[in-house]
Each structure stands twice: as structure tokens, then as C-alpha cells.
Amino acid sequence: MTTPPRSAGRIAVRPTLKPRELMTDTPDLAGVWTAQIITLFPDAFPGVLGQSLTGKALQDGLWQLQTFDLRAHGIGKHKNVDDTPAGGGAGMVLRADVVASAIAEARGATKGIAPLVYLSPRGRPFDQQMARNWARMDGVTLLCGRFEGVDERVLQHFGIAEVSLGDFVLTGGEIAAQAMIDATVRLLPGVLGNAESAVEESFSTGLLEHPQYTKPATWEGHDIPDVLLSGNHAKIADWRRAMSERLTQERRPDLWDAYPGRKDDRG
């Protein structure tokens, strides 16, 4: 008998509420964007997702989180989830039958359109456009790998998309899952206090975000640019656009080359 998935959504909030307390067994919220996590470490969630704007949105029922414990689908008395790699080699590999059982449980609770994703360094890089696409769907199911990864057969059998957080290797997919969920949840309606924040930030227009300043007007001999204190909103918008273009050109030439609004370098 498998353990029911932990889920979180709209619950009563007490002053002493801790992030992990958001993961109580609560009824599914109909029509709410849902993040499903298949993991060996369900207690890692909600983690940082239980803090700040994403945590408040979780409490308010703007999205919900479900975890599915791979260990509950383990084989034998010791609930084994992995075995040695076929052909030899170091490390262990998550078994296809174990992972498939957990996927079946998660997908059985999936409602609407939700991609099934394996977090893997060999996958397509995660970016802002992918976060926007996920936010337009009904949710996402994320499979967190461990050890040397997952039996290839289960990936092929379910047609699982592979997505990477970056060109580096983590000990597991849980940190990557939290990062991707954070990037997606903040795009859901009602999560950000100011909807324009998501429009002006980095990558939303294909450019890096312009520099930001606040009080005091002078700090350690450094002044806020005069244009930002001018009150001329047209000039401020032009300055911010020019700074975004300059920063993108200097720091991310790959983004600049793909930016449709860039000027021809030949003048």
C-alpha cells in the first residue's frame, strides 16, 4: 500500500506557520495550477517555495503542490529503488519499474494539460519562455533524479521531456525543481503584487533588465542617474531601454544576436 501524496493549497494560516506545515494532507483544489514532484525526498518541499510570494500564493490557494515518494514504490522488504548499472560502472540507477509506478500514481492525479518532465543536465535548457508556457498550462509533473540517473527505458516509455537548469551537475533534481517552480508560479495571475514587474524584468522582452536604484539619492559618493530623478517618464523609458540593450550586448551576446529589435551593427 502506497502512502498518499502530500499536497498543499489553501489552509488556515497561523502566526507560527512553518514552510513544511504547508504540506499537510488537504483536498485537491479544482482548477488550480498544480506542481507534482516525484522524489526520494518529499520532505524537501515546499522548501523555499513556502517563503515570500510563492509561499503566500500557496497558502492562498493560487497554486498547489503535490509530492510523490519514490521510496513508497520501492521493491521488497527494504523498499529498494535503485540497482547497479547494466554493463557495469560506478554508482546506482533508479529502477524503471519503481519510477514507472510513481509516475502512474502522479499522472493518475493529474488534471488538465501538464507536461511530464525529467530534470536532467542533458535536457533542453530551462528559460523564461518555458516558464511562461508552463504557467499557461494546468501544471507540471517533475521527476527528480538521484544517483546516476533514471533507467532510460522509463523515459522512452512515457515520452518524458528532459529539461536542464544549466550546464552543471547537482546531486539530485530537487533544487532544480524548486527553481523552475518558482520561476513559473510567479507568472501565475495574482501571485505578483504588481503585474508590470514580470513585464519589465530580465528575459521578458529578450533583453537583460536595466539597472535599478532607490534611496538614498547619494551613497558612498555614488549618485542615482539624473534622468531617473527628472520626472520625465519618456526619457526614463528611453534610458532604461538603452541600458538594457547595452547590458545585453556586453554580457549576453547570444541573447543580443537573437534579439529582433537590435540595430544593424553596420549602421
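The values are calculated or read from the model by the stated rules, or taken from the named source; none is laboratory data. Not measured: the values here are computed from a predicted model. Note that each Cβ is placed from the backbone with ideal geometry, even for glycine, and that neighbours are counted across all protein chains shown. Just the protein is used for accessible areas: all its heavy atoms, side chains included, with ligands, DNA and RNA removed. Shrake-Rupley method; radii C 1.70, N 1.55, O 1.52, S 1.80 Å.
Figures for the structure shown
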{"read-out": "Qualifying residue in region 193-211 (condition: modelled with pLDDT of 95 or more and either touching a helix residue (DSSP H, G or I) at 6+ places or on another chain (Cβ under 8 Å) or not in a helix (DSSP H, G or I) (or both))", "value": "no"}
{"read-out": "Subset of region 21-50 [in contact with a helix residue (DSSP H, G or I) (Cβ under 9 Å, 6 or more places away or on another chain), modelled with pLDDT under 95 and surrounded by fewer than 16 Cβ atoms within 10 Å (Cβ to Cβ)]", "value": "21"}
{"read-out": "Options 162, 148; residue that is over 18 Å from residue 66 (Cβ atoms) and part of a strand (DSSP E or B)", "value": "162"}
{"read-out": "Residue match in region 177-190 (condition: outside any strand (DSSP E or B), touching a Cys at 6+ places or on another chain (Cβ under 8 Å) and modelled with pLDDT of 95 or more)", "value": "yes"}
{"read-out": "Scope region 224-263; condition over 25 Å from residue 129 (Cβ atoms) and either open to solvent by less than 100 Å² (accessible area, probe 1.4 Å) or in contact with a helix residue (DSSP H, G or I) (Cβ under 9 Å, 6 or more places away or on another chain) (or both); matching residues", "value": "224, 225, 227, 228, 230, 231, 232, 234, 235, 236, 238, 239"}
{"read-out": "Residue list for region 51-69, filter: touching a residue at least 40 places away in the same chain (Cβ under 8 Å), in a helix (DSSP H, G or I) and open to solvent by less than 20 Å² (accessible area, probe 1.4 Å)", "value": "54, 57, 58"}
{"read-out": "Which numbered condition residue 95 misses (of (1) in contact with a strand residue (DSSP E or B) (Cβ under 7 Å, 6 or more places away or on another chain); (2) at pLDDT below 95)", "value": "(2)"}
